[in-house]
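The values are calculated or read from the model by the stated rules, or taken from the named source; none is laboratory data. All of these numbers come straight from a predicted model, not from anything done at the bench. Here Cβ is always computed from backbone atoms with ideal geometry, including for glycine, and neighbour counts include all displayed protein chains. SASA here: full protein model, heavy atoms, side chains in, ligands and nucleic acids out. Shrake-Rupley method; radii C 1.70, N 1.55, O 1.52, S 1.80 Å.
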Amino acid sequence: MFSNNDEAAINKKLPKELLLRIFSFLDVVTLCRCAQVSRAWNVLALDGSNWQRIDLFDFQRDIEGRVVENISKRCGGFLRKLSLRGCLGVGDNALRTFAQNCRNIEVLNLNGCTKITDATCTSLSKFCSKLRHLDLASCTSITNLSLKALSEGCPLLEQLNISWCDQVTKDGIQALVRGCGGLKALFLKGCTQLEDEALKYIGAHCPELVTLNLQTCLQITDDGLITICRGCHKLQSLCASGCSNITDAILNALGQNCPRLRILEVARCSQLTDVGFTTLARNCHELEKMDLEECVQITDSTLIQLSIHCPRLQVLSLSHCELITDDGIRHLGNGACAHDRLEVIELDNCPLITDASLEHLKSCHSLERIELYDCQQITRAGIKRLR
């Protein structure tokens, strides 16, 4: 098969269409290797139809812009998905050529491409109207101008990640959502200039929103998040970790408006209490993952409510929740999620937890990981019995 003779049996017996179909299952590295086997295989391997999805992250990250330009010329309209994550050498000029050549692109990952500026989003807006997913995380030169461009030229956009693009303000969000009302996932982690006004625009214009990440958006308060809850009833995943101004009002709003909620991350939100989590648990029965690290006011009462009302719970972080005791873990171990759902429980720095909690968790047959750092009442003997 690997003969340099282009008249090898496989090339004579199988039609080109079938060979192309076989090549379509190969990854980037294998295609490049096949391209060196023979002239016939070079043509097959480099056929644009085999390059609809390209991820260079595990292949080569130190590529230059000309490589992206060559890829775009080779793939043309075939390319649907491209990841240049971590390619620090790729800039606006290469991506302009890419946008001009690959107008059917639907998924584009530029995470960590720090040379990218608003000019790239202008190019995407002009040429790539079919774009659905765009990742610009850590592209810190991105400003409101990029969001305005995307709004004008990429109306099908469903997922946008602009985490750590800390020049973005409410004006950019306002422009974005007015043209991209079909957004389903929005990642705004570390966008420290965002205020409640930005969330009000999202709540008013994005009824299809399923995922929202606001981690460390320190200016966010109850007012903005309540607007999200009231306008985005399909919300399934919310990360507000580090938004230390929020209170139980958020948990009440989620319980009243977002019954499909599956993931809630509110680490370091120290104003949240058992009262809010009781309302949440009684209304959001599909919860699967909860990060409550450093929610220092919660007690066993929250665990009791989760054990009763949240049978799908898989991952629960209670690290630094210093009021949790063995009794709360006992209820969790006897709860509906315990036998075949609960996979991870984090109990770091819970000083009241003892070996008794490990006994209560023996019934959790799906448990894969327990974290017990600095739980000084846990003994080696207790861990050995659990194993």
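Observations
- Rolling a 1.4 Å probe over the protein heavy atoms leaves Val29 with an accessible area of roughly 50 Å².
- Contact order normalised by residue count of region 218-350, Cα under 8 Å, 6+ apart, percent: 19
- Angle between the chain longest axis and helix 248-257 axis [Cα atoms, degrees, rounded to 10]: 60
- Kirkwood radius, region 53-131, all distinct C-alpha pairs, inverse of mean reciprocal distance: 12.0 Å.
- P(r), alpha carbons of region 259-386 - 5 Å bins starting at zero, rounded %: 2, 12, 23, 28, 20, 10, 3, 1, 0
- Placing Lys13, Lys73, Lys200 in order of accessible area, with the largest value first and a 1.4 Å probe, yields Lys13, Lys73, Lys200.
- Overall, the chain carries a charge dipole of about 1920 debye about its Cα centre when +1 sits on the Cβ of Lys and Arg and -1 on the Cβ of Asp and Glu, all other atoms neutral.
- The C-alpha atoms of the chain define a longest principal axis, and helix 196-205 lies at about 60 degrees to it.
- Computed accessible area, Ser146, all protein chains, 1.4 angstrom probe, square angstrom: 0
- Note on region 60-127: with charges restricted to the Cβ of Lys and Arg (+1) and Asp and Glu (-1), its dipole about the Cα centre is near 220 debye.
- In terms of its C-alpha gyration tensor, the chain comes out oblate, because a/c is 1.5 or above while a/b does not outweigh b/c.
- Shape category assigned to region 7-50 from the gyration tensor of Cα positions, a/c cut at 1.5: oblate
- Gaussian network model of the chain, Cα within-10 Å springs - most flexible of Cys284, Cys121, Cys375: Cys375
- Applying the criteria of a DSSP loop state and at most 15 other Cβ atoms within 10 Å to the GluC sites (Glu not before Pro) of region 151-212 yields Glu208.
- Amide proton proximity set for Leu235, modelled H, under 5 Å, gap of 5+: none
- The chain, relative contact order [Cα under 8 Å, separation at least 6], %: 7
- Nearest-ten-degree value, helix 65-75 long axis tilted from longest Cα axis of the chain: 70
- Relative contact order for region 144-212: 37 percent, from Cα pairs under 8 Å spaced at least 6 residues apart, divided by residue count.
- In the structure shown, the pairs Lys81/Lys289; Lys73/Lys184; Lys81/Lys200; Lys115/Lys189; Lys13/Lys81 are assessed against 24 Å; a Cα-Cα span above that value is assigned to Lys81/Lys289; Lys73/Lys184; Lys81/Lys200; Lys13/Lys81.
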